[in-house]
1. Assess whether Ser233 counts as being among the hydroxyl-bearing types (Ser, Thr, Tyr) and either within 30 Å of Val420 (Cβ to Cβ) or exposed (fewer than 11 other Cβ atoms within 10 Å of the Cβ) (or both).
2. Considering only residues that are assigned to a strand (DSSP E or B) and either surrounded by 17 or more Cβ atoms within 10 Å (Cβ to Cβ) or charged (D, E, K, R) (or both), which ones fall in segment 139-156?
3. Among residues belonging to segment 436-449 that are open to solvent by 100 Å² or more (accessible area, probe 1.4 Å) and free of Cβ contacts under 8 Å to residues at least 12 places away in the same chain, point out the one that is nearest to Thr381 (Cα to Cα).
4. Hey, any hits in segment 70-89 for a residue that's open to solvent by less than 100 Å² (accessible area, probe 1.4 Å), part of a loop (DSSP other than H, G, I, E, B), in contact with a His (Cβ under 8 Å, 6 or more places away or on another chain) and at pLDDT below 80?
5. Residue pairs, Cβ under 7 Å, 6 or more apart or interchain, first in segment 365-378 and within 17 Å of Leu239 (Cβ to Cβ), second at pLDDT below 75 and exposed (fewer than 12 other Cβ atoms within 10 Å of the Cβ). List them.
6. Taking the stated definitions as given, is Val210 more than 30 Å from Gly388 (Cβ to Cβ), free of Cβ contacts under 8 Å to residues at least 40 places away in the same chain, open to solvent by less than 30 Å² (accessible area, probe 1.4 Å) and not in a helix (DSSP H, G or I)?
7. Right, Asp60: modelled with pLDDT of 75 or more and under 30 Å from Phe84 (Cα atoms) or not?
Amino acid sequence: MPDFKQIFQKILEIVNKLDTTKKIIVGAVALTMAASVVIVVSVSSVDSREVLFKNMETKDFAKITSKLDEMGIAYKSSGTNAIFVKPADRDRIIVSLAQENLIPQGVHGWEIFDEEKWSETKIEKDVKKQRAVMGALSKMLTSIKSIEKAQVNIAFPEPGFFEDNAEHITAAVLLEYAPGVEQLKRKEIEGIVTLVSRAVAGLKKEDVSVAGPNGELLNAFPDEIDKQQSELSLVEKKLKIQETERIKMLKDIQKALEYTFGADRADIVRLDLQIRWDKETIDKTVVEPVTMVPDNPATPYSELVTKDALTVSRKKVTESFKGRGWTPEGPAGAESNVPPGYMDKDTQHSEYNKEENIENNEFNKSIHKIEKQPWEKSRVTLAVILDGRWEKKGINKDGTGYIREYHPVSDEDIAKVTDVLKKAIEYNVSRADQISVKHIQKDRSKEHEEEDEILKKRRAFRKMLVTSLVAVASIVVLVLIVQLFRRELEKSRRAREEELAAQQQMMREAALRAIEDEGIEVELSLEERARREMIENAISLAKDRPEEVAQLIRTWLAEE
C-alpha cells in the first residue's frame, strides 16, 4: 500500500522548488480540477428526468398537473407546455392518464425515438419509429396490474392520392391477464383504447381493437344494449315504487276491513294503482285581497279587514250646462229654414249634466312557479266483497249439527265501508277513480261440515266418557260390596272360632277344678302347660298393667 504521507511530502518539495509564477499556475490548475470534480458529482447526483408530454396547450397542462398532484407523483415542468417525470414512473402515469382520458391530443411523448443517423433512409426511419411506438405501447400496457403481457400491432397504410379514398390507420392489441384476473373492467379497456389512439396521429378510437387471451373482442361495447338496459332498469325501479305504494295502500285497506268484519269476511278482489311519471312545471298567477288589518289570534273574534284592490290614481270630470237653447240659422240677411211650428221651442231653457269618474286600482297579485313531483297517483281502482254473518241457534234434534241463521250485510254498513275506503285511497273523482263494495255470500258449506263433524266427535266422546265413568263406578261399587261381604264372613268365622276356643277353655278349667277338688293329680301335656302358663301370665299382666293391656286389645280390634 503506497505511503500517501511520503507522496504528499515529495509533492510539497517539488512545489517549493518552483518560483512564484509557476506556483500560481499549479494552484489554479488544482482549483480548476477540484471545481470540475464537484460539478460532475453534483450533476450526476441529480435525478434524471424524462419527457412526459410537451408542446401542450395550457388547459391540458392544467388538467394533467392537477391529476399528478392528486396521484402524489413528483414532476417538473418547463413553462406551461412541457412536463418531466422519472423514467420509472412514466409508463404508469400514462396508463393512469389514459384511463381518465387526459392524454393531450397530438402529444405523443415519443421524442426519445427521434434520433437520426445520416445513413438511414426514410423507409428505415418509418419502420424504426413504428417499432418504437409499438414496443413502447406494449411496455406501457404491461405496467397495468391486471395485464401480464401485451402485444400491439399498428398498420400504417400507404398514402393515397385522394383523401376520401385513403385507408385509415388501424391498431390491434392482444392482452394476457395477470394471474387471478378473469376479465378487465370497462374503464380499463376504454383507457387502453384511448392510450393507443392518442399515441398514434390519425388513429381513431373506433379503429382500435382490443382482444383478450382467448381472442375475444373486449372493446365492442353494446351501447344500444346498455341504453336499453338502463331504460329497463329505470322502468323496473318505477314499477317497484308503484308496487310498494300499492302494497302500502292494500295493508291500510285490509286493516280497516279486518277491524270491522274480521279476516274471513272481507276480501279485496282488486286494487290497481296507476302512477303518472310526467314532471310538470306550472306558472300560476294568484290575485288575492289586500289585508288592511291583520287578524289577532289572541282574540276569539276576527279583526281581519281586507280590500279588493288599492287605488293608485283617480280622475273625476264634471260638466253642466243650463240656459236657452240655440238653433243654427243661415247666413246673415237670409231667412231661417226652421219651420214655423218649431220656432217657439227656441225660447225654452235646456239643462245638461255630465259626470265621469276614472279609478286605477292595483290588485294584490302573486306569481307562483310550481314544479310538481316526478310522480303522482293518476288512477286508483278498488273492488271489495263483504260476506254476511252466520249465527248458531242451537243443535238439531238428532245432534248431528248446528242450526244456523244467516245475516246479510246491510246497505247502511256497505255505505259506511265505502266511505271509509274512499278516505283510505284518497278517492278523487277528477282522476276517474273507481270503487266498488258489494255484498256476496261466501260458500261456507265445507266450514259448516267441519264444525258439525267436530260437534259429532265431541258428543260421541262425551257419551263414551259418561259410559266409561258409569262402568268404572259400577266396578268400584261391586268391589266394595265383595270386600265388605268377605270381611263379614271373616268376622263371623273368627267369632265362631273364638266361641269354640272359649268353650274348650271353660271345659278344661272346669275339668281342672274338678280334679283339684278331688285331689287327683293329672299330668298335663306340654301344650296345655304352655297355654296355662300363658293364661296365668296374661291374667297377672292385666292385673299389674291394665292400661297397656287395654291399648293392646284396642289395637287388635282396629286391625280386625
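1. Numbers: among the hydroxyl-bearing types (Ser, Thr, Tyr): yes; either within 30 Å of Val420 (Cβ to Cβ) or exposed (fewer than 11 other Cβ atoms within 10 Å of the Cβ) (or both): yes.
Against the criterion (among the hydroxyl-bearing types (Ser, Thr, Tyr) and either within 30 Å of Val420 (Cβ to Cβ) or exposed (fewer than 11 other Cβ atoms within 10 Å of the Cβ) (or both)), Ser233 qualifies.
2. Narrowing segment 139-156 to residues assigned to a strand (DSSP E or B): 147-155.
Passing the criteria: Ile147, Glu148, Lys149, Ala150, Val152, Ile154.
3. Among them, the one singled out is Asp443.
4. Start the filter on segment 70-89 by keeping residues that are open to solvent by less than 100 Å² (accessible area, probe 1.4 Å), which leaves 71-75, 77-89.
Within this subset, residues satisfying the condition of being part of a loop (DSSP other than H, G, I, E, B) are 72-75, 79-81, 86.
From what's left, in contact with a His (Cβ under 8 Å, 6 or more places away or on another chain): none.
Checked against the condition, which is being open to solvent by less than 100 Å² (accessible area, probe 1.4 Å), part of a loop (DSSP other than H, G, I, E, B), in contact with a His (Cβ under 8 Å, 6 or more places away or on another chain) and at pLDDT below 80, segment 70-89 yields no hits at all.
5. Every condition considered, the pairs that remain are Pro374/Lys279.
6. Working: more than 30 Å from Gly388 (Cβ to Cβ): yes; free of Cβ contacts under 8 Å to residues at least 40 places away in the same chain: yes; open to solvent by less than 30 Å² (accessible area, probe 1.4 Å): yes; not in a helix (DSSP H, G or I): yes.
When the stated conditions are applied, Val210 passes them.
7. Numbers: modelled with pLDDT of 75 or more: yes; under 30 Å from Phe84 (Cα atoms): yes.
Yes: the conditions hold for Asp60.
This table checks each residue for (1) aromatic (Phe, Trp, Tyr); (2) exposed (fewer than 10 other Cβ atoms within 10 Å of the Cβ); (3) at pLDDT 85 or above.
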{"site": "Asp452", "(1), (2), (3)": "no, no, no"}
{"site": "Val466", "(1), (2), (3)": "no, no, yes"}
{"site": "Ile481", "(1), (2), (3)": "no, no, yes"}
{"site": "Ala510", "(1), (2), (3)": "no, no, no"}
{"site": "Glu528", "(1), (2), (3)": "no, no, no"}
{"site": "Ala538", "(1), (2), (3)": "no, no, no"}
{"site": "Glu548", "(1), (2), (3)": "no, no, no"}
{"site": "Leu557", "(1), (2), (3)": "no, yes, no"}
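The values are calculated or read from the model by the stated rules, or taken from the named source; none is laboratory data. What you are looking at is a predicted structure, and each value in this text was computed from that prediction instead of being measured. We place every Cβ from the backbone using ideal geometry, glycine too, and count neighbours over all the protein chains shown. Protein only, heavy atoms only, side chains kept; ligands, DNA and RNA dropped before computing areas. Shrake-Rupley method; radii C 1.70, N 1.55, O 1.52, S 1.80 Å.
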